[in-house]
1. Go through the stretch A:214-259 and give me each residue that's of a type in the set (Val, Ile, Thr) and either surrounded by 14 or more Cβ atoms within 10 Å (Cβ to Cβ) or under 29 Å from the mean Cα position of the chain (by Cα) (or both).
2. Since residue B:68 meets every condition but one in (1) touching a helix residue (DSSP H, G or I) at 6+ places or on another chain (Cβ under 8 Å); (2) surrounded by 24 or more Cβ atoms within 10 Å (Cβ to Cβ); (3) under 17 Å from residue B:175 (Cβ atoms); (4) within 8 Å of chain A (Cβ to nearest Cβ), which condition does it not meet?
3. Every residue in the stretch A:72-92 that is within 24 Å of the chain's Cα centre (by Cα) and surrounded by fewer than 13 Cβ atoms within 10 Å (Cβ to Cβ), please.
4. Go through (1) within 19 Å of residue A:351 (Cα to Cα); (2) away from chain A (no Cβ under 14 Å) and name the single condition residue B:78 misses.
5. Can you spot a residue in the stretch A:328-346 that is surrounded by fewer than 19 Cβ atoms within 10 Å (Cβ to Cβ), hydrophobic (A, V, I, L, M, F, W, C) and within 11 Å of chain B (Cβ to nearest Cβ)?
6. Look at the stretch A:135-153 and say how many of its residues are in contact with a strand residue (DSSP E or B) (Cβ under 9 Å, 6 or more places away or on another chain), assigned to a loop (DSSP other than H, G, I, E, B) and among the small types (Gly, Ala, Ser).
7. Give me the pairs: first residue in the stretch B:86-101 and over 18 Å from residue B:51 (Cβ atoms), second residue surrounded by fewer than 24 Cβ atoms within 10 Å (Cβ to Cβ) and among the hydrophobic types (A, V, I, L, M, F, W, C), beta-carbon distance under 6 Å, and six or more apart or on different chains, which are they?
8. Under the condition of being surrounded by fewer than 23 Cβ atoms within 10 Å (Cβ to Cβ) and part of a helix (DSSP H, G or I), which residue from the stretch B:83-100 is nearest to the other protein chains (Cβ to nearest Cβ)?
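The values are calculated or read from the model by the stated rules, or taken from the named source; none is laboratory data. Keep in mind that this is a model prediction, so the values were computed, not measured. Reconstructed Cβ throughout: ideal geometry from the backbone, glycine too, with neighbour counts over all protein chains shown.
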Amino acid sequence: MRARSTDSDAPFALTHLHKSANRIYCLNRAARAQGLHPGMPHADAHAFCPDLISQPADLPGDARFQQMLARWATRYCPWIGLEGPHGLVLDVTGSTHLWPDEATMLGDMKQRLSRAGIHALIGIADTRGASWALALHGGGIAQPGQTEARIARLPVSALRIAEKTCVSLERLGLRTIADLIALPRPTVTRRFGAEVLLRLDQALGAQPESISPLSDPPHYGVRMTLPEPIGLTSDVMAGTQRLLTRLCETLKEQEVGARVLQLTLRRVDQDSQQVELRLARPLRDAGRILPLFERGVGEVEAGFGIDMMRLEATQVEPLPVKQVTHIAGRDKDKLDDLITRIGTRIGLENVQRFLPADSHIPERSFTIAAAAFSEPEGSWVALHPRPLKLFTPEPIAGHGNRPPKSFRWRNMSLSTGRATGPERIAPEWWMADENWRAGLRDYWRVETRQGRRLWLFHTPQNPGWFVQGEFA
Amino acid sequence: MRPDLADHFPPRTGRTHEVNGPSSLSFSLALAQARGGTTLWAREDWAPEQLNPVGISAYLDPAKLLIAQGKDQLEVLAVSEEALRSGAVTLVVMELSKPLDLTAGRRLQLAAEAGKSTGLCLIQDGMGSNAAETRWHCAPVFSESGDSTHQSWDLKKNKSGTLSKWEVRWDAETRRLRLVPDPAQRQGLARAQH
């Protein structure tokens, strides 16, 4: 909302598709003043307020922003949970002593947030329920022990109970929390179920309520600072081995394998050099990864020495633990390592394999994929003999729809000994291919008396003869 | 008496060999099939001729083929040496556009020996290296009998044995190499049948 509001005075709303209607998700103060509320269909809102500016809401973006805020909030306390889609809950018990008092901390929070353009409502109280109630109704602080007094005058809607229950409570004349506390408990439960009293007890502290903090995302980086700078390749490799062992333990715990590893070597003159290793398969076996670093580390300019090393798995992929069998593919591992090692020299995408594709067009009957990112699959079907090599069609002189008796190709005089064909291949109309503009092709296998066996084609719609491939 | 082809093909492992001529591609593929295992095909990325896996499938399962594209011959050789030394592939085929110098040829030999794999250079005419164990010239032969895989394989250089020439054909169904009988033998067979 903050980032996309254009003019803070105009009514502005974010909408999202919910319950098969475009509804208001979030709105600014001006829009609220016009009588709009979240959850209202967008069409209705527009009728109420014709000059409403609206944009679609970005829910995943909001979730990311909430996570970011949660991370930022660790400056106040370590125990932070998410409160619905729009709030954070901080357990500040034990960390308020870092500030002169709670009010100073709250002021600091508000000031920093407003500097970032966020209008925040913050409440501090003994319990999670009470602080939520305070935050929703203007914010403020309930001193220890003062909770009940502080929230007693707030409306029942401050108790995190369903809106429907809230409305029926108000219809019975129970407007404030104090009214609710005054009621005999059994009657409330009988009428409204357990929720109302549970929320009340949570707000007053009679029922415990915990905060589940966000787990830290796993971090796949390790570093090592050296007391004395090192320069020998063997020393750097020994250091890398130690880092790798530690990193691989983390990878194993998380059941992931590294796909791209980055080794940063910082020199004493503060210059840093990086060695990137892109692996052909996700790996977490230190013994296998280490030799693959040799080439990269060998190229590093150590200068006056390296005093800090950092190894990070910048890209990881899930790698579940597998059962060890006696027929485990040792050869496959060796091949993967080879692909990685070749990849460090010519680039991993230049080690390729062929995959079959479903097309009659000879040049499109296969695809080329990077070997590191594909598995050999599919079956190869050749209904008719196909040449071993293909090249861009080379025109030859020829007339009629039978292959020429003799022709010149690549400065060779060739005469046809035997011709097999034709095999008609039609262009794929759904693919606009420049090379197939000439239309149909009649392919012939031509065995010349000189030995060469060529793959010729004739384009009947646009007469011409071409050589496109060669058999053995 | 002609030496037995089985003594010379497939050529020795742990060595690099050379082949040229218009049928060098089918020689390499026949060798790859005879070796089994994975084949690494190292070539320069600008090479205009494209291998056609559909055609290759008559010789070898294209799944057993890995292509490495280097930007020049130096990269091709470096990649080939790495692959030969690792022993993870049974055959490394290099498409070379320039003659090999002695150092490079020797390095490839040592790498092949260390990895117990076979190297095969597809060379241009007259660009043979002294380090190669054998050199073959392969060319297709027009056959009146209608056999469209008939070729002549000429062993031009052999460091440990005699030179000879064979007429062979490829049996795509069994993916096996077959020897074509000599014309003299053929006539003999024909006479025996009468």
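1. If we filter the stretch A:214-259 for residues that are of a type in the set (Val, Ile, Thr), which is where we start, we get A:222, A:225, A:230, A:233, A:236, A:240, A:245, A:250, A:256.
Of everything in the stretch A:214-259, those that are of a type in the set (Val, Ile, Thr) and either surrounded by 14 or more Cβ atoms within 10 Å (Cβ to Cβ) or under 29 Å from the mean Cα position of the chain (by Cα) (or both) turn out to be A:222, A:230, A:233, A:236, A:240, A:245, A:250, A:256.
2. (3)
3. Correct list: A:84, A:85, A:86.
4. Of (1) within 19 Å of residue A:351 (Cα to Cα); (2) away from chain A (no Cβ under 14 Å), only one is false for residue B:78: (2).
5. Residues of the stretch A:328-346 surrounded by fewer than 19 Cβ atoms within 10 Å (Cβ to Cβ): A:328-334, A:345.
Keeping just the survivors that are hydrophobic (A, V, I, L, M, F, W, C) gives A:328.
Adding the requirement that they be within 11 Å of chain B (Cβ to nearest Cβ) leaves none.
Within the stretch A:328-346 (the criterion being surrounded by fewer than 19 Cβ atoms within 10 Å (Cβ to Cβ), hydrophobic (A, V, I, L, M, F, W, C) and within 11 Å of chain B (Cβ to nearest Cβ)), the answer is no, since none of the residues qualifies.
6. Within the stretch A:135-153, residues that are in contact with a strand residue (DSSP E or B) (Cβ under 9 Å, 6 or more places away or on another chain), assigned to a loop (DSSP other than H, G, I, E, B) and among the small types (Gly, Ala, Ser) number 4.
7. Listed pairs, sorted by first residue: B:88/A:335; B:99/B:127.
8. B:86
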